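In what follows, a single structure is set out as structure tokens and then discussed.
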Amino acid sequence: MEHNDSTILIVDDEPDFLRLLKRLIQSELECEIFTALSGYEAIEILKDHHIDVAFVDIKMPGMDGFEFLDYVRENYPWLTVIMITAYGCIEVAVKAIKKGAYDFITKPVEQDVFFLSLKKAMERTKLLSENLRLRRSVQVQEAFKNVVGRSVAMQKVFEIVKMVAPTDMTVLLRGESGTGKDLIARTIHELSTRKDGPYVAVNCPTVPEQILESELFGYKKGAFTHATSNKKGLFQEANGGTIFLDEIGDIQPSLQTKLLRVLQEKEIKPLGDTKTVKVDVRVIASTNQNLEEKMRQGSFREDLFYRLNVVPIEIPPLRQRKEDIPLLVEHFLEKYSRELNKTRKRVSPELMEMFFHYDWKGNVRELENVIVRGILFAIDEEIQPQHVGFHGKSENGVWCTKVDFSLPYRDAKEEVLKEFHHRFIGNLLERTSGNISQAARLCGIERQALQHLIKRYKIDVNAYRN
Ligand SMILES: Nc1ncnc2c1ncn2[C@@H]1O[C@H](COP(=O)(O)OP(=O)(O)OP(=O)(O)O)[C@@H](O)[C@H]1O
Ligand SMILES: [Mg+2]
């Protein structure tokens, strides 16, 4: 007997025929076979099992074969359907083919014809699935083209993105500013079945509170003084696609209630309208705030939180995944030398080392900005710390220095002192825009003493005045 990986589903309201066909197939092929007595039963089977070929009786009570065929075409495009007709009625068979059935067989079943049809159907499904798989992997590559990250933490994020993207589930993206929430939201849309539909991003805090509601839900003419005509809201604009509600942490309570309704009922009510409108929109939301804390304080609705938090994705800050830095640096060097039409530059080893010790409060966006500055201001091929005004220290003063152990004591110490003074005084001058008296007051030394240090360490005060 021939073994075959294909799975077959037979749908017919006559139990005897199901048994007969199943036995017939099993006499020649060793493969998995499911049977269903109605279209409804068959749909349940499709939900839980991968089926390659389905034999479907046309005439069944309740959902008939044509209805079932429509459902399959819509939801399982790779599945090959062969219709069974008891009448051998050519018109019905032609109608089935027109509706997308691959073939039809007539009762009573003729063995040779039957197996030929089954073999061809199996081949078709195999080709189609392979094709879909390839298309999908090209799609994934395309969508992730601009998203880099090799850290375990980011790989995990990408896995969840790939898994959740094709579904309609609501996603809540969380992470500090600049970690890539916008980018990931867009990637999810690109990887979804809605990718040809609209993608509407709403940055909630930038829209004035009073306007946000009418922006999202639209209004009817006469709803308020300036509503001189009907206006479609962004939820309606996003119909068939995705809406990205960026920074939802601070939206006002009345709007939270309305948002909850959209998520529950999938419908909106424009301002001043009495009727609701159905919308088919996938929601992605983001926040860099502590929503749990806000819920405790009573400023964020718990029920809304749970509606949004169906699939939470936490994007870790850059300081927790420093192994991504070299890859991101490469990515931005490549991207911006092209966009700015500049020669390809590289980051000096000193600067790269500083990148690793820095704590990146502004995350990937901050790194991106440093690289852009470097491409614009580096004098030659190599971007040095001074070209990008990079001191390798964050506001909290984290600072690491390299000690050259090959130098004699005096010289080594002098090097460290020099670097210390450049950084320390540089930071003061930065904060005071080059005002020496003010800088001296800030650090508690005399003006003359600071002047002396500036001179001794050749610090360029003018560079801080603008
Ligand atoms: N993994 C990544 N690969 C490539 N570029 C990235 C990545 N993460 C972020 N970026 C880039 O960094 C910048 C900031 O990302 P994005 O705007 O998505 O962050 P955000 O989390 O939405 O920030 P905010 O909270 O400030 O809105 C963008 O230019 C984005 O393209
Ligand atoms: Mg953002």
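Every number in this text was worked out from the coordinates using simple rules, so none of it is lab data. For clarity, every value in this text was computed on a predicted model and none was experimentally measured. Here the Cβ positions follow ideal geometry from the backbone for every residue, glycine too, while neighbour counts run over all protein chains shown.
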Which three numbers, in whole Å and largest first, are the semi-axes of the equivalent ellipsoid of segment 152-314 derived from its Cα gyration tensor as √(5λ)?
27, 19, 13
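What's the magnitude of the charge dipole for the chain around its Cα centre, counting Lys and Arg as +1 and Asp and Glu as -1 at the beta-carbon? Answer in Debye, nearest 20.
Here the size comes out at about 2100 debye.
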Principal axis box of the chain, alpha-carbon based, largest edge first, Å
107, 66, 43
Given points 7 Å out from each Cα along the Cα-Cβ axis, report the Lys342 to Glu293 separation in nanometres with one decimal.
3.7 nm
By how many degrees, between 0 and 90 and to the nearest 10, does the Cα long axis of helix 253-265 differ from the longest principal axis of the chain?
30 degrees
Isotropically averaged projected area of segment 322-461, using the convex hull of Cα atoms (one quarter of hull area), nm²
9.6 nm²
Starting from the Cα gyration tensor of segment 2-135, take the square roots of the eigenvalues, sort them a ≥ b ≥ c, and report rounded, prolate or oblate (rounded when a/c is under 1.5, otherwise prolate if a/b is larger than b/c, else oblate).
rounded
Each label sits 7 Å from Cα toward the beta-carbon; between Val310 and His422 the label points are separated, in nm, by 5.4 nm
In degrees from 0 to 90, rounded to the nearest 10, what is the angle of the helix 363-377 Cα long axis to the longest principal axis of the chain?
60 degrees
A correct fewest-to-most ranking of Leu450, Leu304 by other Cβ atoms within 10 Å would be Leu450, Leu304
Take every DSSP beta bridge with both residues inside the chain and express the antiparallel ones as a percent of the total, to the nearest 5.
10 percent
Residues with beta-carbon under 14 Å from that of Leu18, excluding Leu18: net charge, scoring Lys, Arg +1 and Asp, Glu -1?
-2
For Glu366 and Lys458, compute 0.36 nm times the residue count separating them, minus their Cα-Cα distance, and round to one decimal in nm.
30.3 nm
Which residues qualify? For Ile33, with a placed amide H closer than 5 Å and at least 5 residues away or on another chain, they are Ile8
For segment 186-199, just list the computed ³J(HN,Hα) in residue order, Karplus coefficients 6.51, -1.76 and 1.60, θ = phi - 60°, integers in Hz, with x standing in for Gly and Pro.
5, 4, 4, 4, 4, 8, 9, 6, 8, 4, 8, x, x, 10
